[in-house]
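Quick notes on the structure that follows.
Read-outs: derived from the displayed coordinates by stated rules, not from any lab. Remember, predicted model here, so these are calculated numbers, not experimental data. Note: ideal-geometry Cβ built from the backbone for every residue, glycine included; neighbour counts use all protein chains shown.
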Amino acid sequence: MIEVDHLTKRYGPHTAVEDVTFRCEPGTVTGFLGPNGAGKSTTMRMICGLTPPSSGGATVAGRPYRRLPNPGREIGVLLDASAQHPGRTGRETLTLAARTMGVDRERVAATLDLVGLNDTAARRRVGAYSLGMRQRLGLALALLGDPRVLILDEPANGLDPEGIFWMRGLLRDYADRGGTVLLSSHLLREVEAVADRLVVIGGGRVVAQGDKGELLAGAGTLVRARDQHALRLTLDRAALPATADTGGGFVVRAEPAAVGQAAADAGLVLTELRPAGSGGLEQLFLTLTAGASTKEAVR
Amino acid sequence: MTTATVPTAAPARHEPAAGPSLARLTGVELRKLADTRAGRWLLITIGLIAAAIVVVQLVVTDAAEQTFTAFFSPSLLPVGLLLPVLGILSITGEWSQRTALTTFALVPRRERVIVAKLAAVVLAALASVLVSLAVAAAGTLAAGATGGAGAWTFDWALLPYAAVFQVANVLMGAGFGLLLRNTPLAIVTYLLLPTVWSVLAALIEGLRGPARWLDTTYTMEPLLGPDVTAGQWGRLGVSLAVWMLLPLVAGLVRTLRREVS
């Protein structure tokens, strides 16, 4: 269980995270979505007691992170896979963590095996690892203490398609056994396949959150007509908010019935009319976060 | 698939595990000193330099002066120059390699990590005194075999002084590392400050008095001899309060408040 309560972080005049509130329940995977610079990592670091919040707070398993006597046994954290000493071997990196947490040595071998790092890889220095291998090592580090909660920042970064598929299975399995997972990404499609809930953040604020199904259902209607220009005019006249999607149609923030009615009234021939689903959520994601990523680029 | 057959990914139900003891954390920090190539080589270099000094003495000094004490004391100086680097690296390495992210996520009570780090480098400093004793013993044996004096006379008062000398050296380094967090900056500052002091004291009349109390090159020198007077202890205490205690305390406060990213 992770509870985030009105977390805010200001750096001088810049507000990186503003009034972020959400909770992650046991047995679920929560996708934490947002473009680069939206405040995902800062929020996660605040949850883990690494960044002091300007206001608000967060608890893991009912306690503020910094009050956990042995956090590695409660919550597995992967914040940055490249933040490892390049001179240590993969096994040594895990051994240090295992000693700190008081986990026996067999667990190191078992966890290496679990994340798919074989003996040769474990004996190599982390400096020689590919990003994908570092992600696996980071995941091993998070799983080492057999925790009930996982916090992973962009864990799919650098993994090949097979690796991403493997990780989805691992996280799904973990949540199905009662674990709590908070997983961040800047790619909707990456978390869509595994998450039960979504928290979308842009410009430091939560712009949408809820059950994945509900968010997808509320994502609008995809509509395509033979005469796209006429459709645009019709939608505007009916005051239905529409945005052009990449495939030449429109995503309309309205029920399919309302869109179909407007088209019928105007005598338009539709070639496609359906709930937008993930395409719509992506559209929503892009519009909600567009301003934020521009700001990031300027900063 | 792996995930279906290996039950270890399952979240366990267990009582909150107890936190790591300071002894365990110190063990981890000792291990960190030696588990990278750079760290291992620094430790090896410290040993080699102590040995090299003895070899030089065997070749250069008069046969009559080749005694255990004469081998022991000079080996302390170059080792004492490298120990601060060890102290600095043990602290700044966490920041430069960004391993602090893992370290402080596993032990959020950062002061415990810092205390463990200090304990680890103090143990390393004490071990270096043993190394100095060992190479001095080897030197004495070699001197005896090659026609030198080879006398085993040793003033035991030298031993605790040597320990204080090396511990102070390593802790001053750790303090600089803790305060400045940046490896090159900490090393350069640590090595440059005494020289700057000497130059300033030579140039400015009014600084000559304070320099006697604050210049560690000067205040720590008596520790290499057999006798340290009360006045010398006083000056040593004052200089260490400024160059060791102050950076350690200020650096600790900074580290506790710092954002880890």
Checklist entry - Cross-link partners among aspartates and glutamates for A:K9, C-alpha distance below 15 Å, same-chain residues fewer than 8 apart left out? => result A:E18, A:D19, B:E259
Next on the checklist: Explain nothing, just compute: Karplus ³J(HN,Hα) = 6.51 cos²θ - 1.76 cosθ + 1.60, θ = phi - 60°, for every residue of region B:148-154 in order, whole Hz, x for Gly and Pro.
Outcome noted: x, 5, x, 6, 9, 4, 8
Next on the checklist: For a test of the definition: using alpha carbon positions, the gyration tensor, and the 1.5 limit on a/c, classify region B:21-256 as rounded, prolate or oblate.
Outcome noted: oblate
Checklist entry - In peptide A:139-148, what is the residue-averaged number of other protein chain Cβ atoms found within 10 Å of each Cβ? => result 3
Next on the checklist: Is the C-alpha gyration tensor of region B:163-239 telling us rounded, prolate or oblate? Criteria: a/c under 1.5 is rounded; beyond that, a/b larger than b/c is prolate, otherwise oblate.
Outcome noted: oblate
Checklist outcome for this item: A correct fewest-to-most ranking of B:S96, A:S184, B:S73 by other Cβ atoms within 10 Å would be B:S96, B:S73, A:S184
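Take peptides A:156-166, A:135-145, B:130-140, B:243-253 and line them up by average Cβ neighbours within 10 Å, highest first, as a rough protection proxy.
Descending packing order for the listed peptides: A:135-145, B:130-140, B:243-253, A:156-166.
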Item to check | Relative packing of peptides A:17-28, A:2-13 - highest average C-beta neighbours within 10 Å first | outcome: A:17-28, A:2-13
Checklist outcome for this item: Per-residue average of other protein chain Cβ atoms inside 10 Å, peptide A:76-85 -> 5
Checklist entry - Using the per-residue mean of other Cβ atoms lying within 10 Å as a proxy for protection, in what order, highest first, do the peptides A:55-64, A:81-90, B:227-236 fall? => result A:81-90, A:55-64, B:227-236
Next on the checklist: At a 10 Å Cβ-Cβ cut-off, how would you order A:K212, B:K117, fewest neighbours first?
Outcome noted: A:K212, B:K117
Next on the checklist: Under 10 Å, Cα contacts only: if you run a Gaussian network model on chain A, which one of A:E74, A:E92, A:E106 comes out with the highest mean-square fluctuation?
Outcome noted: A:E106
Checklist entry - What 222 nm value per residue comes from the helices of chain B, counting each DSSP H run with n ≥ 4 as -39,500 (n - 2.57) and dividing by all residues, nearest 500 deg cm²/dmol? => result -24000 deg cm²/dmol
Item to check | Geometric extent, Cα atoms of the protein assembly as shown - Rg, Dmax (angstrom) | outcome: 31.1, 115
Item to check | Peptide A:160-173, shielding by other chains (average Cβ, 10 Å cutoff) | outcome: 2
Checklist outcome for this item: Counting sequence-distant residues (5 or more places) and residues on other chains, those with an amide H built under 5 Å from that of A:Q209 are A:V200
Next on the checklist: I need the phi-derived Karplus couplings for region B:252-260: 6.51 cos²θ - 1.76 cosθ + 1.60, θ = phi - 60°, integer Hz, Gly and Pro marked x.
Outcome noted: 5, 4, 4, 5, 5, 8, 5, 7, 9
Checklist entry - By counting other Cβ atoms within 10 Å of each Cβ, how are B:M172, A:M133 ranked from fewest to most? => result A:M133, B:M172
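Can you work out the FRET efficiency for the pair B:A52 and A:A193, with r the C-beta to C-beta distance and R0 = 51 Å, to the nearest 0.05? Don't jump to the answer; show the numbers that get you there.
Details: r = 62 Å, r/R0 = 1.21.
Calculated value: 0.25.
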Item to check | Estimated 222 nm signal from helices in chain A, with DSSP H stretches of n ≥ 4 weighted -39500 (n - 2.57), rounded to 500 | outcome: -11500 deg cm²/dmol
